[in-house]
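Just so you know, all these numbers are worked out from the coordinates, no wet-lab data involved. Keep in mind that what you see is a predicted model, and the values were worked out from it rather than measured. With ideal geometry, Cβ positions are generated from the backbone for all residues, glycine too; neighbour counts draw on all protein chains shown.
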Amino acid sequence: MGDILEVEGLSFKYSDAPRNAVSGFNLAIPEGEIVVLAGPSGCGKSTLLRTVNGLIPHMYGGEYSGDVRVGGSSVKGSNMRDLAQSVGFLFQNPENQIFMFTVERDVAFGLENLGVPRNEMRARVDEALGLLRIGDLAQRAPHELSDGQKQRVALAGVLAMRPKLVILDEPTSLLDPRTASELVALVVRLRKELGTTFVVVEHRLDLLMGVADRLVVMEGGKKVAEGTPKDVLFGEEVGTHGVAVPAVTRVQKMLAGEEGVGVERLLTPSELAAAVEGREI
Amino acid sequence: MMWLSGGFIFRRGESFYHRLDPRTKLLNSLLMFVTSLLARSVFEMVLVIAFMVGLSAGATVLMRVARTMTFTALFSGFIFVVNIAFTRNLDTSLLYAIRFIAIVVSTSLFFITTSPDELEQVMRMFRLPRDVVFAFVTAVRFIPVMMLDTIQIMDAQKSRGLELEKGNLIRRARNMIPILIPLVVNSVVRSGELAEAMESRAYGAVPRPTTLMAYKARMTDIGVALAAVALFAVAAYSFYFVIPVRFP
């Protein structure tokens, strides 16, 4: 499969900022991958994501150099209408991306804006509600929903536009641990069922390391590490870049360093527990 | 005040009136509004109110409409007293007093049975500019969110020693500043995030967006509309042909 996202030598400086928010950034993401983007606050993650869905340079002005291509088309040369259909964006706070008075109307919001005919719209809204398993919420008002439900509604609105690439910006930051785990399971299911590519910005790495294909670490607007989660977490000192290393990794590193125990490079608590008990994994 | 506002706030319902096409509800309320203005006899006014009360009962919102009527009756009484003092005409004074109740009830019935979603649809049907309709949608949609924000800010400021209920009127007004500033800042931040989310979902991509909602006139729509038109016709006929127009 080809690359759905290609970032080549991207640099961007906001017009009122003293320095670049992103500098000389390169990245290529093959179709169907789940990629986790990590880094401390202010490292340029949000800016990078805005360049992928076109908010930069179409909404935010500044000094832009390099190129970002989605599905082979340059973001700079595309309009927001086309980009909205190829890149879905789930923002951190779902409250601020639910516009309408009922769930089904909100899921239809993007399709209405695109002028999709009613019959097709109805089918796509029902499909998105079904994928997220929230058909029973269709007539509910946003203020009647929990945070987890709001997150699902917002994601349904994104998926109804059938994007090839979906960006999730800290999707679990407002969720309790159980709902956060459910969201991760949902991402895995959607990737399997739809073949969608996901780029997830996440601070709680332990949630996603078992399912991610790739981990990219940013600091100071630059990429400081990239590879499979195992290679990055066990091969690099990502903790020094302001990333919260998962407890599972830390335990194994401690065992390797202090006790001389061979590191098996396990990513999830269940894998570690099974290894400790001497079971086959 | 909350008690009164209940007479104008929509609550979901399953009655035949709730299920009417929003255009029928608007037409009915507008016609009753105009009929109230045209009616020149107490009998016609009573007919209008009886019609609205009947619809309110069918819409299972009679108690809420009655609450509005009770409150409105206070103002109506005032209108009656002022009129009788100046005109010395019982019929005219009674007519004006009842007219005020009829106008408020016709407006109230529309708002308590029409969801914001339907209001938005009506605005779109009248070809209002998309930005104007969306400004209305956003304003109504975020009322509960802003209320929650306000409560949280008030709690946070109270926990830091702010005494909202103390002092004279000026002091109390000044005490609201630590509530209002964070609320405004929150709203500005929220509006920025909203703008990004709108762009990401193709807002403004086509000049005439489509809609998921489909409305079709049914027998109940036709029945209510016909009854409203008939009442309006009676009032219009008597206004022009039966009772000469007299202005006190």
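Per-residue shielding of A:56-62, expressed as the average number of other chain Cβ atoms within 10 Å of the residue Cβ, stands at 1. In chain B, the longest principal axis of the Cα atoms and the axis of helix B:90-113 are about 40 degrees apart. Which of the trypsin sites (Lys or Arg not before Pro) found in segment A:179-281 are in a DSSP loop and have at most 12 neighbouring Cβ atoms, other than their own, within 10 Å? Those that pass, being in a loop and sparsely packed, are A:ARG279.
Straight-line cross-link reach from B:LYS25 at under 28 Å between alpha-carbon atoms covers these lysines, not counting any fewer than eight positions away in the same chain: B:LYS216. Adding -39500 (n - 2.57) for every DSSP H run of four residues or longer, then dividing by how many residues the protein assembly as shown holds, sets the calculated 222 nm ellipticity at -16500 deg cm²/dmol. For segment A:77-83, backbone phi angles converted through the Karplus equation (6.51, -1.76, 1.60; θ = phi - 60°) give residue-by-residue couplings of x, 9, 9, 5, 4, 5, 5 Hz, Gly and Pro being listed as x.
In the distance distribution for segment A:3-234, Cα-Cα pairs more than 34 Å apart total 12 percent. Take every DSSP beta bridge whose two residues both sit in the protein assembly as shown, then give the antiparallel share in percent to the nearest 5. Here the share of antiparallel DSSP bridges comes out near 55 percent.
For the peptides A:232-245, B:93-106, residues were scored by their other Cβ atoms within 10 Å and the scores averaged per peptide; the highest-first order is B:93-106, A:232-245.
Taking every residue in A:143-151 and counting other chain Cβ atoms within 10 Å of its Cβ, the average works out to 1.
Calculated on the alpha-carbon coordinates, the convex hull of segment A:106-224 measures out at 130 cubic angstrom per residue. What the Cα convex hull of segment B:106-238 gives, in volume per residue, is 192 Å³. Once you reduce segment A:208-233 and segment A:10-61 to the center of their Cα atoms, the two points are 15 Å from each other.
Percent of Cα pairs in segment A:165-281 per distance bin of 10 Å, from zero to the largest separation: 12, 41, 35, 11, 1. Using the alpha-carbon atoms, what tilt in degrees (0 to 90, nearest 10) does helix B:219-237 show relative to the longest principal axis of chain B? The angle comes out near 60 degrees. The long axis of helix B:143-159 is offset from the longest Cα principal axis of chain B by roughly 50 degrees.
For peptide A:77-87, the mean count of partner chain Cβ atoms within 10 Å of a residue's Cβ comes to 3.
Could you give the distance between the Cα centres of segment B:4-74 and segment A:100-133, to the whole Å? Comparing the Cα centres of segment B:4-74 and segment A:100-133, I get a distance of 34 Å.
Summing Lys and Arg as +1 and Asp and Glu as -1 over all other residues whose Cβ lies under 12 Å from the Cβ of B:ARG171 gives a net charge of +1. In order along segment A:156-165, the phi-based Karplus estimate (6.51 cos²θ - 1.76 cosθ + 1.60, θ = phi - 60°) of 3J(HN,Hα) comes to 4, x, 5, 5, 4, 8, 6, x, 7, 10 Hz; Gly and Pro are listed as x. Pairs with C-alpha atoms separated by more than 24 Å, drawn from the list A:LYS76/A:LYS150; A:LYS13/A:LYS45; A:LYS76/A:LYS192, are A:LYS76/A:LYS150; A:LYS76/A:LYS192.
For chain B, the equivalent ellipsoid derived from the alpha-carbon gyration tensor has semi-axes of 40, 29, 16 Å in decreasing order.
Restricting the calculation to Cα atoms, the protein assembly as shown shows an Rg/Rh of 1.10 when the hydrodynamic-style radius is the Kirkwood one. In segment B:124-200, the C-alpha radius of gyration followed by the widest Cα-Cα span (Dmax) gives 16.7, 51 angstrom.
A simple rule links phi to the HN-Hα coupling: the Karplus curve 6.51 cos²θ - 1.76 cosθ + 1.60 with θ = phi - 60°, which for segment A:215-226 gives 10, 10, 10, 10, 8, x, x, 10, 7, 10, 7, 7 Hz, with x for Gly and Pro. Residue order for B:MET198, A:MET59, A:MET218, fewest other beta carbons within 10 angstrom first, comes to A:MET59, B:MET198, A:MET218.
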